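Let me begin by presenting the structure, written as structure tokens, before commenting on it.
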Amino acid sequence: MIVGKKVRLRALEKSDLAKLWEWLNDEEVMWFWAEPCSTQSLAEVEQWFAKLQETAGRFSKQFIIENEEGAPIGRIHYEYLETKHQRTEVGMQIGEKEYWGRGYGTDAMIAFLDYLFNELGLHRVYLRVESYNPRALKCYQKCGFTQEGILRHHVFTRGEYHDDLMMGILCNEFNQRQK
Ligand SMILES: CC(C)(COP(=O)(O)OP(=O)(O)OC[C@H]1O[C@@H](n2cnc3c(N)ncnc32)[C@H](O)[C@@H]1OP(=O)(O)O)[C@@H](O)C(=O)NCCC(=O)NCCS
């Protein structure tokens, strides 16, 4: 269990898949991921989960974000973990929309970064964020991520190309901010 000030993060379980599937079916949630909603069946989500178990967190792992009452409100993950380079990519989705803008995402990401840097011993964490997602951008800035570049016209969604922003944070930068 990874414990934040407001949230707790725990491994995604099979019993979470129906809730995850609800979030994947939410048009607004998925717009911020530049993905269309309702394109995966529950059976496909179950297959994806089964495949994830095979690698047991060696390259990627999914966590559920729980609120103060222990209810699932979203998910956070790392993927493309490279032990040689001590780096990983991360992503986050608060699927319960009434929790947006209330500090849960920032709290979850700070707790997750602490785990990645100070438990797994990583050196660098990076992510991509859609340029049309100012709430996510602000959240990641509050966690200490720095914008490192722009991937021009990286996604095509709702009939238009959009830029993605690359952001990253190093272990020493994170730990310095937490003092
Ligand atoms: C992005 C996301 C994880 C952020 O989590 P969150 O709990 O909503 O974020 P927080 O409340 O911790 O921080 C958001 C900040 O952005 C600000 N904000 C909200 N809407 C904003 C907007 N339209 N423009 C600028 N800032 C905005 C909030 O005021 C807050 O800053 P503050 O604490 O200084 O007031 C969450 O909103 C989410 O999952 N959204 C849908 C999916 C998504 O976008 N995933 C991320 C893909 S990269």
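Any read-out appearing in this document is the output of simple, stated calculations on the displayed coordinates, not a laboratory observation. Please read these numbers as outputs of a predicted model, since none were measured by experiment. Please note: Cβ atoms are built from the backbone with ideal geometry, for glycine as well, and neighbour counts cover all protein chains shown.
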**Asked** Looking only at residues in the range 139-161 that are among the charged types (D, E, K, R) and loosely packed, with under 13 Cβ neighbours inside 10 Å, which one is nearest to Val3 (Cα to Cα)?
**Response** Glu148
**Prompt:** Would you pick out the residues in the range 152-179 that are closer than 19 Å to Lys138 by Cα, in a strand (DSSP E or B) and either under 18 Å from the mean Cα position of the chain (by Cα) or of a type in the set (D, E, K, R) (or both)?
**Reply:** Asp163, Asp164, Leu165, Met166, Met167, Gly168, Ile169, Leu170
**Scope the range 59-81; condition in contact with a strand residue (DSSP E or B) (Cβ under 7 Å, 6 or more places away or on another chain) and of a type outside the set (A, V, I, L, M, F, W, C); matching residues** = Ser60, Lys61, Gln62, Glu66, Asn67, Pro72, Gly74, Arg75, His77, Tyr78, Glu79, Tyr80
**Asked** Just checking, how many residues over the range 100-141 are at negative phi and more than 6 Å from the ligand (Cβ to nearest atom)?
**Response** 27
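Looking only at residues in the range 44-75 that are part of a loop (DSSP other than H, G, I, E, B) and in contact with an Asp or Glu (Cβ under 9 Å, 6 or more places away or on another chain), which one is farthest from Val3 (Cα to Cα)?
Phe59
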**Complete:** Just one listed residue, out of Thr88, Thr39, is surrounded by fewer than 12 Cβ atoms within 10 Å (Cβ to Cβ) and not small (Gly, Ala, Ser), and it is Thr39
**Message:** Looking at (1) under 16 Å from Arg10 (Cα atoms); (2) β-branched (Val, Ile, Thr); (3) surrounded by fewer than 17 Cβ atoms within 10 Å (Cβ to Cβ), which one does Ile73 not meet, given that it meets all the others?
**Reply:** (3)
**Asked** Within the range 76-101, restricting attention to residues that are touching a Leu at 6+ places or on another chain (Cβ under 8 Å) and in a loop (DSSP other than H, G, I, E, B), which residue is farthest from Leu137 (Cα to Cα)?
**Response** Gln86
